Amino acid sequence: MQLYIPCLFGLESLVSEELQELGADKKDLIVQDGAVILGTTPSSWREAAARANVFLRTGERVLLSLSEFPARTFDELFDGVSEINWEELIPRDFVLAVNGFARKSALTSLPACQGIIKKAIVRRLLSAKGLPLTAKLVEDPGAGTLRIQFAIVSDRARIMIDTSGESLHKRGYRPLATEAPIRETLAAGLVRLTQYRPFGSEAFVDPFCGSGTLVIEAAMRAFHVAPGLRRPFAGESWPILGKPFFEKARAEAYSLQKPISSEPITFFGSDIDPKLIPVAERNARAAGVYEGVSFEAADAFTRTPEVLNTLTDKPRQLILTNPPYGERLLDAEKAEELYRAIAGLYLDSDGFCRAGMRLAVISPDDTFERFAGRPADKRRKLYNGNIRCQLYQYFKLPKH
Ligand SMILES: C[S@@+](CC[C@H](N)C(=O)[O-])C[C@H]1O[C@@H](n2cnc3c(N)ncnc32)[C@H](O)[C@@H]1O
């Protein structure tokens, strides 16, 4: 049995690392573009699926893979889907919702693929019940919904059942829409990429924090607050998987959680817009880390390294941030001015870190390094939804 875990492009290796931390063996993992596949056994997949849903910070969904087969034509797709034992998987009267994607394949029309897959499933169910193929299958929303996902890549189809429901980036702590929030799964990935070690001499700071996502995700990781504690999963109402596995995973997560405290202050966010501070605080409370984070309204440029050292009472600061940029929030000229100012605040004129500072900036704009005066010490291509971004990390100090 395989669990297929799609993720944002660029985060695959982080999903794989997380799965290994959850106990998966590296040899059971296949890393693909935009997904990681975890091999499990018929007796372990339920527990693995529930734990992946509750604990994974960088994966987007946990799907149970049912079958993989060549699908160069609609006939091949229909036949492959028909071979799955749907009568053992679909509870009576469940609504069937079919969704998916196709890449680098002859079959490109998603509505047509959806239609074919649904038709193949319905026919299989009708014939298993001994009903004529012209009969109508009852689908009652009151009974439940089974989300069936397909992925057609390079003319091979994979048919899966979604055990997550809403995408895993929806942790349940950020219901209010603010402008340009970063996706929670990407924020968690960035925290990992900076290799931030909490509770030492380095504070975690986002001086353009908006709704607080980066600070909240960093604090959740540090205090071992699992991202799936406060949301439901589709697999809980699918009898083949069921609630007990999720309850067990949540109980395990609670037992691993550390006491949350802000002594000393370690996770710190600020934003120039005072309206966003209560939003960030509300989100932190909903995420279960309110006591461990601090937010304040401030212009980032008044928060020099010296001021941050005093505010956080730590000699070192990791700045991880996604400043406003282009299109939606700023025009290009203003964004350039802002990048120059950010670089000048935390880096010296040669582009090396000021004493005690590390800087990690995510931006969809390729120009940050020009204003920093030096190529980043590490650069990584990532995607915030469909928007291509770069994470620029600066950690080298000047050589004296
Ligand atoms: C792209 S948004 C950050 C979104 C955030 N990561 C989130 O998940 O909600 C950029 C933020 O920078 C803030 N900002 C703009 N200029 C600023 C400045 N000079 N100092 C501090 N914050 C500023 C904006 O108010 C906006 O909330």
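Rule-based calculations on the coordinates, nothing more; no lab input. Predicted model, so just to flag it, every value in this text is computed and none were measured. Backbone-built Cβ (ideal geometry, glycine too); neighbour counts: all protein chains shown.
Going Cα to Cα from residue 129, which lysines come in below 19 Å? Please leave out same-chain ones fewer than 8 positions away. Hits, sequence-local ones excluded: 118, 119. Cα-Cα over 31 Å: which of 136/248; 314/399; 258/381; 104/170; 170/258? Over 31 Å Cα-Cα: 136/248; 258/381. Give me the net charge for the shell around residue 277: Cβ to Cβ below 10 angstrom, other residues only, Lys and Arg +1, Asp and Glu -1. Local net charge: -2. Summary value for the chain: 15 percent relative contact order, contacts being C-alpha pairs under 8 angstrom separated by 6+ residues. The stretch 202-240 and the stretch 1-33 have Cα centres separated by 19 Å. Using the alpha-carbon atoms, what tilt in degrees (0 to 90, nearest 10) does helix 276-287 show relative to the longest principal axis of the chain? The answer is roughly 50 degrees.
Using a/c under 1.5 as the rounded threshold, could you call the stretch 92-137 rounded, prolate or oblate? The axes a ≥ b ≥ c are square roots of the C-alpha gyration tensor eigenvalues, and prolate needs a/b larger than b/c, oblate otherwise. Prolate, because a/c is 1.5 or more and a/b exceeds b/c.
Rg over Rh for the chain works out to 1.03, using Cα positions for both radii and the Kirkwood form for Rh. Annotation: amide H of residue 100 within the under-5 Å range of 150, sequence separation 5 or more or interchain, hydrogens built in the peptide plane.
Placing a pseudo-label 7 Å from each Cα along the Cα-to-Cβ vector at residue 101 and residue 21 gives an inter-label distance of 2.4 nm.
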